[in-house]
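Notes for the one structure printed next.
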Amino acid sequence: MSMLQILKGVLSGRNEFASGGLLLMIIGGASVWLRAVPESLWHWIVSQTTMMITVKDGDAAFVWVKEWFLEQEFLRRIRRLDLDTTLRNERIAMIPAPGKHWFWYGGRPFEVWFSRTENTHERSGRRVESLTFRTLGRKRFFLQQFVDDVVKCHLKRQGVQSYLYTYNDG
C-alpha cells in the first residue's frame, strides 16, 4: 500500500480526528510558509533598488566620515548624539549615536546605521564600530560623489600641519 493510498484512507475514513488534525496541520504549515513570502519579497526589492557602503572603525575613512558629519546641516536635527573628543583635539564634538538616522544628500534620501558592539571574546574588550550608508538607485556615481565629498572634507580639515617626530631609545 502506497503512502498516497494511506493518506486517502485517513482523509476519507471515519476517523474525523485524524483527518481534521492532518488538514489543520497542512493549512497551518502553508500559512506559516506564506507569511514569510511578503518579507522575503520586500528584502529582495530593497536589495535590488538600493546601494550600500560600509565603513569600519579600523579604516582611516571612519574618522573622515565623522569629520564630514560635523560639517553637515542635518546634524542639528539628529536627536541621538554621542560626544567625541578625538576629532577636534580635545574639543567636544557631537556626532550621531548608534542607531538608524536619515538625511538628504544630493537630492537623495540616505539612511545610515551606526553600530557599536563590545567584543567580549578578547581580553582587551575593544569595541567595534561601523557606519553603513544606504541610498536609492543603482548607479555607483552617486556613492562616488558622496565618498568624494567625504574625502574633500577631510583634505580641507587636514590643511597644512606640522609633524614632530621624536626618537625614543627605550
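FYI, it's all coordinate maths here, none of it is from the lab. Bear in mind that the values here come from a model prediction, so they are computed numbers and not experimental data. Virtual Cβ from ideal backbone geometry, glycine too; neighbours counted across all protein chains shown.
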Checklist entry - Expressed as an acute angle from 0 to 90° and rounded to the nearest 10, what is the orientation of the C-alpha long axis of helix 140-158 relative to the principal long axis of the chain? => result 30 degrees
Checklist entry - In percent, what relative contact order does the chain have, based on Cα pairs under 8 Å that are 6 or more apart in sequence? => result 21 percent
Checklist outcome for this item: Env charge @ Arg108, Cβ radius under 12 Å, K,R +1 / D,E -1, value +1
Item to check | Amide H contacts under 5 Å for Tyr105, placed H, 5+ residues apart | outcome: Phe110
Item to check | Entry for log10 I(q)/I(0) by the Debye sum over Cα atoms at q = 0.16, 0.17, 0.20 Å⁻¹ (calculated from the structure that is shown) out of (1) -0.96, -1.06, -1.32; (2) -1.17, -1.20, -1.27; (3) -1.07, -1.16, -1.38 | outcome: (3)
Checklist outcome for this item: Other residues with Cβ under 13 Å from the Cβ of Glu129 give, with Lys and Arg +1 and Asp and Glu -1, a net charge of 0
Item to check | Helix-only CD estimate at 222 nm, as mean residue ellipticity for the chain, using -39500 (n - 2.57) per DSSP H run (n ≥ 4) | outcome: -15000 deg cm²/dmol
Checklist entry - What is the helix-to-structure angle for 3-12, meaning the angle in degrees between its Cα long axis and the longest Cα principal axis of the chain, kept from 0 to 90 and rounded to the nearest 10? => result 70 degrees
